[in-house]
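Report on the following structure.
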């Protein structure tokens, strides 16, 4: 495809998505709009997690730590003064005086996560394999403990509420598109190749002059930025949350989305989100009991999680590279498929 | 209360807690030593052991036999998990193994919820276990359960020590942990060794589960979650892959936790878990082989 | 069949379409002659031991009402969802109830955090929501005009507890232990402190633990090291932990009365605590035993008949009463319009439930109800007092 055609295609897609996201609430009922919004947020989180986990081979279990920090930080910043007085009465004056709107607080969340990732990643990115996984797990736990105990700022383990419900589908989609565009550019650039080199063989990478630590660190930090942003979006979607929501259950959910879709492909990450989200919703509704013909299946609460776990194991056994493997969906490929269809 | 008595009480608490961590950490290290895999599902073997003992008691078995049965079911569960979930992915990159174990833990915990509901269930103890010994006018307390914990842990460790030094299978396991390829080459049945390792490791975890349930009075599906994390720290501190290291790490960690809460001011003690994990990270960075192990691990 | 990428992609696409169409296909239209009441509950997850009985109690009442002819000539239908103690699922479920099932009213949850996750969605839609057991008195103000409590607020039960300690137990000094990881236990401890201090008592030591802690030896050791022994121990705890706390305290030789809130209202107190549970008192919504009021006894037998077990705790009775309250409001409103039901609820005066009489003071959506204080003696529960506290801390 020529550059012009590429550009037109991109603009067309953006326009369609823009119109869709704004008009969605009028077209379909709120329940579906919600599902789409959460899918967009999860897609951001999974894709950003894939930078470290999939592309540099550093399997971080601590991604949710950044998401939690992002949610709480942006939440505290965007609370109204009345809410701050009601829920965080002991907040020190310098924070209590700060008040930011949705977009700036989201940006601040992302930026703070960058700093945090630099601090955490500098020591941790030296480790490899399961050691870095366990170490990043330690990071997640530390964040959780701090969130629970710094209750002057976070209300501790109790529900943090009053966050304005600002995340609408247009916002979520816009941020997702930005994330996808930025990450696609980086991953398929020389920097991205360095990432993949480091994933494949550290010694060979070093042999050709790639400095492993900054390479891994850059993936970790960029991933953390979008995690923080995603956390802010999530916080402003739920309106109330607690530290337990940014812990293992959500981590496992994101990991299953990443792995099922394909760890080494951005399209895979997004696809994984779609598959797991729809599957979870369907299973959740089926859990309440349903009828096949004249056989009434009784409610089996908790079954959907088991099914998800089994699917993950099957994928690990039979197709560990996920649905997409390391392929991406690009305009060129779509055009080629359409051409092939026409010829046949 | 005098300082010596306070310390003695805390030492009793530390030994009791450390025994539990040691039991779980040993199993983790064993599996890592042989298979180079971090088995996140190990904690759930505690749950299996605890619930099995409960079910057996409800079916009428006496406490002692129920405990034996619980340990047995725990060992069996470990073997089943290895056969169905881990063997098909053996040899795969570490990430795959890790993810598989995460999936197994997810399934086991939710199975537990499905079968037993997520609320805590009472773990009945025979009446003779319900008393406590009070010394020095009640300033030092330790319970029958504390005694039982230390006793059973001692028995288990002694048995394990005999096993890995005196039996063929035990020696084979150590050989496989040193070098899997070489063990294969000299004709050891590696599959059998792995099965035995999982059985022992999961049995230990099952015992830990029973003792944990006895101490806390309840069993619930997520009971293995926190001990697993702590066991990781213990195993890594002691030297991941080394049984003696896991033992040492378990008691060190138990002592550390108890002393943080006992001696630090109350502003700091809630951060106990954060401190423990900072320690973990420090070890990973500066002494990744832990205190006891000597082999080289990959690090930049 | 070889597992090629193409095969996998094709099957994934097909599965995706099937799933999407399955999810998006509208549910078969419910029969038009029922009144739907939304019922989101944490049937699984950490809170199921209190939510599940509440749901069961609600079902008992629905059957009773339907057997007697229903409301406004129509039968009641509970639209039940398991929200898994997960805030995202709670929000999703709330949206389903409001937008897909289009329920005019709903009841649910015994926990304040869950109600907070669901509240904003119902408030925006103007659909009234009554919680049987989320006891935070701040809930109606935090969420808005559609949120109602069918139970007393924590400030009320804490004040009742304080009065009981000062009065019946003559406890001038108290040791306060609190689970600092949930809204309910933190608030309960705060309200107790205020009411107890106001009544002239002295708190000699305060300490915290986190839900899920298995060992309280550190806290107990500090307590025993105190020069003056407190008369009473007030422990603000959740159902899963209280048995263990009580057991360890007794094992350490602490014989004082242990007092707490409705978190103690669980079979686990006696089954886990065993003999240690003697000399324990707690405030709750009703005394669920065969020697209680005739109304409770009738419910006791109805519940047992339906579920083969006696009601596990007072939350079952609260679920029962909440459905009754909603049915009564619908009858008074004479319609199934959400706004009319909401106004009828707000105007409730003297609805006689089995957990007490429910009335909403003007502008408030927290009922004034009497608190039952239950004690444990000889390994059995008994009704120690019924308290309507004189002084109540502000929410």
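Residues that are within 8 Å of chain A (Cβ to nearest Cβ), surrounded by fewer than 24 Cβ atoms within 10 Å (Cβ to Cβ) and within 21 Å of the chain's Cα centre (by Cα) within segment B:68-101 comprise B:85, B:98, listed in sequence order.
Are any residues in segment C:213-245 within 9 Å of chain B (Cβ to nearest Cβ) and in a helix (DSSP H, G or I), and if so, which ones? Correct list: C:217, C:218, C:219, C:220, C:221, C:222, C:224, C:239, C:240, C:241, C:243, C:244. Residue A:181 meets all of the listed conditions (1) within 17 Å of the chain's Cα centre (by Cα); (2) surrounded by 14 or more Cβ atoms within 10 Å (Cβ to Cβ); (3) more than 14 Å from every other protein chain (Cβ to nearest Cβ) but one, namely (2). When B:73, B:95, B:104 are checked against the criterion of being over 30 Å from residue A:199 (Cβ atoms) and in a helix (DSSP H, G or I), B:73 stands alone in meeting it. Could you tell me whether residue B:30 is within 17 Å of the chain's Cα centre (by Cα) and surrounded by fewer than 24 Cβ atoms within 10 Å (Cβ to Cβ)? When the stated conditions are applied, residue B:30 does not pass them. Inspect segment B:192-204 for any residue being without any contact (Cβ under 8 Å) to a residue 24 or more places away in the chain and more than 14 Å from chain C (Cβ to nearest Cβ) and give the result as yes or no. Within segment B:192-204, one or more residues are without any contact (Cβ under 8 Å) to a residue 24 or more places away in the chain and more than 14 Å from chain C (Cβ to nearest Cβ).
Just to be sure before I move on: is residue A:227 within 18 Å of residue A:62 (Cα to Cα), assigned to a helix (DSSP H, G or I) and away from every other protein chain (no Cβ under 12 Å) in the structure I sent? Yes.
Residues that are facing chain A (nearest Cβ under 9 Å) and either in contact with a strand residue (DSSP E or B) (Cβ under 9 Å, 6 or more places away or on another chain) or crowded, with 22+ Cβ neighbours inside 10 Å (or both) within segment C:98-113 comprise C:98, C:112, C:113, listed in sequence order.
Does segment C:275-293 contain any residue that is at pLDDT below 95, within 10 Å of chain B (Cβ to nearest Cβ) and either over 25 Å from residue B:124 (Cβ atoms) or touching a helix residue (DSSP H, G or I) at 6+ places or on another chain (Cβ under 6 Å) (or both)? Taking every residue of segment C:275-293 in turn, at least one turns out to be at pLDDT below 95, within 10 Å of chain B (Cβ to nearest Cβ) and either over 25 Å from residue B:124 (Cβ atoms) or touching a helix residue (DSSP H, G or I) at 6+ places or on another chain (Cβ under 6 Å) (or both).
When every residue of segment B:211-223 is checked against the conditions, none turns out to be more than 21 Å from residue C:211 (Cα to Cα), at pLDDT below 90 and either in contact with a helix residue (DSSP H, G or I) (Cβ under 9 Å, 6 or more places away or on another chain) or away from chain A (no Cβ under 11 Å) (or both). Selection within segment A:309-333: residues that are more than 7 Å from every other protein chain (Cβ to nearest Cβ) and touching a helix residue (DSSP H, G or I) at 6+ places or on another chain (Cβ under 6 Å). The member of this set that is farthest from residue B:99 (Cα to Cα) is A:331. Of everything listed in (1) surrounded by fewer than 22 Cβ atoms within 10 Å (Cβ to Cβ); (2) in contact with a strand residue (DSSP E or B) (Cβ under 9 Å, 6 or more places away or on another chain), the single unmet condition for residue A:75 is (1).
So how many residues does segment A:12-45 have that are in a helix (DSSP H, G or I) and within 14 Å of another protein chain (Cβ to nearest Cβ)? Selection size over segment A:12-45: 18. Determine whether residue C:74 is over 23 Å from residue A:239 (Cβ atoms), more than 14 Å from chain B (Cβ to nearest Cβ), touching a helix residue (DSSP H, G or I) at 6+ places or on another chain (Cβ under 9 Å) and at pLDDT 90 or above. The answer is no for residue C:74.
Just one of the listed residues (B:14, B:25) is at negative phi and within 14 Å of chain A (Cβ to nearest Cβ), and it is B:25.
When B:122, B:58 are screened for being surrounded by fewer than 22 Cβ atoms within 10 Å (Cβ to Cβ) and in contact with a strand residue (DSSP E or B) (Cβ under 7 Å, 6 or more places away or on another chain), only B:122 passes.
The values are calculated or read from the model by the stated rules, or taken from the named source; none is laboratory data. Just so it is clear, the model here is predicted, and its values are computed rather than measured. Using ideal geometry, Cβ is built from the backbone for each residue, glycine included, and neighbour counts are taken over all protein chains shown.
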